[in-house]
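Reviewing the structure listed below.
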Amino acid sequence: MTKPHAHVVVLCTLILASCPMLAQRNAPNTQGITPPPGTPVSPARMTFFVTSVGLGKGGDLGGLAGADAHCQRLAAAVGAGGHTWHAYLSTQARPGQPAVNARDRIGTGPWFNWSYAQLGPPQNAIISADLAELHGDTLVQAQRGSNLFKQSTRNEHGEVIHGIGDTPPIQHEILTGSKWDGRAYMDSADHTCNNWTSSSTGSAQAGHSDRIGNGSSWNSSNATKGCSQAALESSGGAGLFYCFAIN
């Protein structure tokens, strides 16, 4: 083999050998393995976050459509607008309107937070593999739990939500309107601030992003003291909610 041909063969071999390495370097970190130094972390790979800000009108989110639009705007602002985002919110049955379950609105998973890099055990970037794991549908899944807890439950900027023990303001009460299984309430009480249109009367079910206090549930810990912005803030909330990419 002549030297020019040998150089071509070596060059092609090196290129082919580097392809898997490049693919691995740019692949999502789904196993909690810290990527090599200097590896860019793309917010576009994020498929879950807590809103960094609410809409400022208490429990009036403009209904499900308004909440979804808020998720989409926040995601787009950090480069993750290529996904379709839905708010993790349930609504209750009203005349001519069936109830909507939060779990039925968010796709099938898996979902990952902003970081994609392990921050030290057990702060893994993966939130949950699927709906069943997220909600603990089986006894084993309920015992094991999802990876949604204080250090992994981050907003679209990668920031941890202030919870119990942090510097005020505490904002760990996250609006969901949902039971532990991610489904809507079927009784006559208001659990959704009138299906996310009230900033005065009513109440809403909320979870705790840090999973501390009142059952330590991320999606169904307690009812808010009211639906105004002041009422939400008085009990450790800010009108924040969870956003999930459905694709």
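No lab work stands behind these numbers, since they all come straight from the coordinates. Since we're looking at a predicted model, the values are computed, not measured. Ideal geometry is used to build each Cβ from the backbone, glycine not excepted, and the neighbour counts take in all protein chains shown.
When the GluC sites (Glu not before Pro) in the stretch 110-201 are filtered for DSSP coil states and for at most 14 other beta-carbon atoms within 10 Å of their beta-carbon, the remaining sites are Glu159. Computed from phi, the 3J(HN,Hα) profile of the stretch 52-65 under the Karplus parametrisation 6.51, -1.76, 1.60 (θ = phi - 60°) reads 6, 9, x, 8, x, 10, x, x, 7, 9, x, x, 4, 5 Hz, with x in place of Gly and Pro.
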